[in-house]
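Undergrad: Sharing a structure here in structure tokens format.
The values are calculated or read from the model by the stated rules, or taken from the named source; none is laboratory data. Quick caveat: nothing in here was measured; it's all calculated off a predicted structure. Quick reminder, even Gly has a Cβ in these numbers, built from the backbone with ideal geometry, and neighbours come from all protein chains shown. When the accessible area is computed, the model is the full protein with side chains, heavy atoms only, and any ligands, DNA or RNA have been set aside. Shrake-Rupley method; radii C 1.70, N 1.55, O 1.52, S 1.80 Å.
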Amino acid sequence: MSETSPETSLDFEAVQNRAEVALARCEDPEQLESWYYATLGRKGEVQLMSRQLGQLSAEERPIFGKRVNALKQALQVAYEQRREEIERQALERRLSAGAIDVTLPGRRPRTGTLHPSTLVLRAMCRIFGDMGFQIYRSPDVVTDEYNFEWLNMPPEHPARDMQDTFYTRDENVVLRTHTSAGQILAMREYHPEPIRVVLPGMCYRNEQITARSEIQFHQIEGLAVGEGITFADLKGTLTEFARRFFGAERQTRFRASYFPFTEPSAEMDVSCFQCDAKGCRLCKYSGWLEILGCGMVHPVVLRNGGYDPERFSGFAFGTGPERIAMLKYGLDDIRAFWGNDLRFLTQF
Ligand code: DAH
């Protein structure tokens with residue numbers, strides 16, 4: 001008996017080949033379903049083939065039956081494989097289209113870093129804190145009296161011109177040009193008790209913005225008032241601060257200066273930490289870096305704060321964390337502090 005029955009002209013291999021070629025051309029679930037319907041479905045090609053069983057002789061039937069079943073099974077397996085392939089390809093397309101790739105390792109969320117000014121500010125406050133100073137918060141917006149008048153700068157005082165002030169619509173209300181504005185507030189709150197505070201905060205000046213000057217910057221003010229406080233206490237406190245902040249080997253020197261709210265007044269320099277006072281670009285070959293202004297609190301200011309200058313004395317100082325950060329980190333443009341460039345801000 002021949003394998004291909006001449007009556008039915010059935011060529012199993014040809015049917016299988018044709019079906020498999022058509023199956024391989026299916027690209028998506030819809031085409032796959034049409035293929036299944038046309039091939040293995042109830043009215044599909046293979047089903048129609050098996051109907052011809054009835055026309056066969058008794059000997060031919062079992063052989064024919066076996067072959068049809070084998071064909072069905074082979075195509076069923078081929079169909080399942082193709083379906084899996086199509087599903088996998090579809091998944092791959094979805095993933096590479098960027099929706100989600102669950103196999104990628106997670107991305108670490110970027111944690112914030114402290115602003116360089118905050119770092120310096122905190123380091124300074126910690127040192128003064130260790131020396132017994134409390135942090136005193138005072139407002140950024142103050143009346144003229146706190147910023148100028150009660151600090152011994154009456155209207156028309158020439159020292160006012162040194163600080164280009166931002167005025168509000170109310171001419172008597174200004175953005176503080178220095179943290180010294182908080183001195184009177186602190187004194188009025190504490191008097192007649194002794195006082196030892198540092199006042200950190202933002203200050204504002206209506207200046208041309210350049211690499212050296214900004215319209216906003218931080219200051220830290222220090223204020224100590226009590227009985228028997230002398231210039232030696234001022235020198236000791238600030239020298240100790242400089243050594244803790246810049247290094248134990250640092251030298252300090254005090255140069256006479258002038259501020260309306262202190263008498264006598266001084267500026268403190270610290271020996272250059274870059275060249276160890278030998279002379280370099282940072283210290284402009286002087287061996288010294290100017291760090292802060294200071295002095296003994298003026299009697300007029302003490303009185304305005306509620307203290308009797310006959311009994312009480314005190315010292316004060318003011319310094320700028322951005323300037324110190326610039327010296328410490330070798331920065332040459334103050335505008336970087338408020339430029340919001342993360343490449344700069346995350347370096348410290
Ligand atoms: N307020 C001054 C300024 O902004 C800095 C300063 C100098 C503060 C001397 C003081 C001081 O407390 O005693 O330039």
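Undergrad: Could you grab the pairs with beta carbons closer than 7 Å, sequence gap of 6+ or different chains, first residue in the range 321-334 and in the same structural domain as C203 (by TED's automatic domain parsing), second one in a helix (DSSP H, G or I) and β-branched (V, I, T)?
TA: P321/V120; E322/I334; I324/V120; A325/V120; M326/I334
Undergrad: Do the conditions hold for Y167, that is, is it over 37 Å from the mean Cα position of the chain (by Cα) and either without any contact (Cβ under 8 Å) to a residue 60 or more places away in the chain or open to solvent by less than 60 Å² (accessible area, probe 1.4 Å) (or both)?
TA: Answer is no for this residue.
Undergrad: Kindly indicate the residue of the range 138-164 that is touching a strand residue (DSSP E or B) at 6+ places or on another chain (Cβ under 7 Å) and closer than 25 Å to Q208 by Cβ and also most open to solvent (accessible area, probe 1.4 Å) among those meeting that condition.
TA: Looking at the filtered set, the residue picked out is V141.
Undergrad: I've got another one for you. Can you tell which of V270, V300 is of a type outside the set (K, R) and open to solvent by less than 30 Å² (accessible area, probe 1.4 Å)?
TA: On the way: V300 fails: open to solvent by less than 30 Å² (accessible area, probe 1.4 Å).
Being of a type outside the set (K, R) and open to solvent by less than 30 Å² (accessible area, probe 1.4 Å) holds for just one of V270, V300, which is V270.
Undergrad: Here is a check on your reading of the model: is K43 part of a loop (DSSP other than H, G, I, E, B) and not acidic (D, E)? Reasoning before the result, please.
TA: Details: part of a loop (DSSP other than H, G, I, E, B): yes; not acidic (D, E): yes.
Spelling it out, K43 is indeed part of a loop (DSSP other than H, G, I, E, B) and not acidic (D, E).
Undergrad: Sort out which residues of the range 149-166 are under 20 Å from I220 (Cβ atoms) and touching a Pro at 6+ places or on another chain (Cβ under 8 Å), and write them in order of number.
TA: L151
Undergrad: Ok, one more. What tally of residues in the range 223-236 results from selecting those that are assigned to a helix (DSSP H, G or I) and surrounded by 19 or more Cβ atoms within 10 Å (Cβ to Cβ)?
TA: Here is the first cut: in the range 223-236, the ones assigned to a helix (DSSP H, G or I) are 231-236.
Of the ones still in play, those that are also surrounded by 19 or more Cβ atoms within 10 Å (Cβ to Cβ) are 234.
Residues that pass the stated criteria total 1.
Residue-wise test of (1) hydroxyl-bearing (S, T, Y); (2) in contact (Cβ under 8 Å) with a residue 24 or more places away in the chain; (3) open to solvent by 40 Å² or more (accessible area, probe 1.4 Å); (4) within 13 Å of the ligand (Cβ to nearest atom).
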position: F217; (1), (2), (3), (4): no, yes, no, yes
position: E221; (1), (2), (3), (4): no, yes, no, yes
position: L238; (1), (2), (3), (4): no, yes, no, yes
position: R253; (1), (2), (3), (4): no, yes, yes, no
position: A256; (1), (2), (3), (4): no, no, yes, yes
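Undergrad: When you look at I184, is it at pLDDT 95 or above and over 21 Å from R323 (Cβ atoms), yes or no?
TA: yes
Undergrad: Filter the range 81-101 for residues that are assigned to a helix (DSSP H, G or I) and among the hydrophobic types (A, V, I, L, M, F, W, C); which is least open to solvent (accessible area, probe 1.4 Å)?
TA: Within the range 81-101, the match that is least open to solvent (accessible area, probe 1.4 Å) is I86.
Undergrad: Right, another one. Among the numbered conditions (1) surrounded by 20 or more Cβ atoms within 10 Å (Cβ to Cβ); (2) closer than 20 Å to P194 by Cβ, tell me where I291 comes up short.
TA: Exception for I291: condition (2).
Undergrad: For the range 260-302, what are the residues that are of a type in the set (F, W, Y) and either free of Cβ contacts under 8 Å to residues at least 60 places away in the same chain or more than 16 Å from the ligand (Cβ to nearest atom) (or both)?
TA: Within the range 260-302, F273, Y285, W288 qualify.
Undergrad: Sticking with this structure for a sec: Open to solvent by 20 Å² or more (accessible area, probe 1.4 Å) and aliphatic (A, V, I, L, M), is that true of L331?
TA: Yes, satisfied.
Undergrad: Wholly within the range 298-346, which helices (runs of 4 or more DSSP H) include no fewer than the required count, namely at least 1 residues that are within 18 Å of the chain's Cα centre (by Cα) and modelled with pLDDT under 95?
TA: Ranges flagged: 342-345.
Undergrad: Please verify whether F148 is within 15 Å of the ligand (Cβ to nearest atom) and either touching a helix residue (DSSP H, G or I) at 6+ places or on another chain (Cβ under 7 Å) or among the aliphatic types (A, V, I, L, M) (or both), treating the condition exactly as stated.
TA: yes
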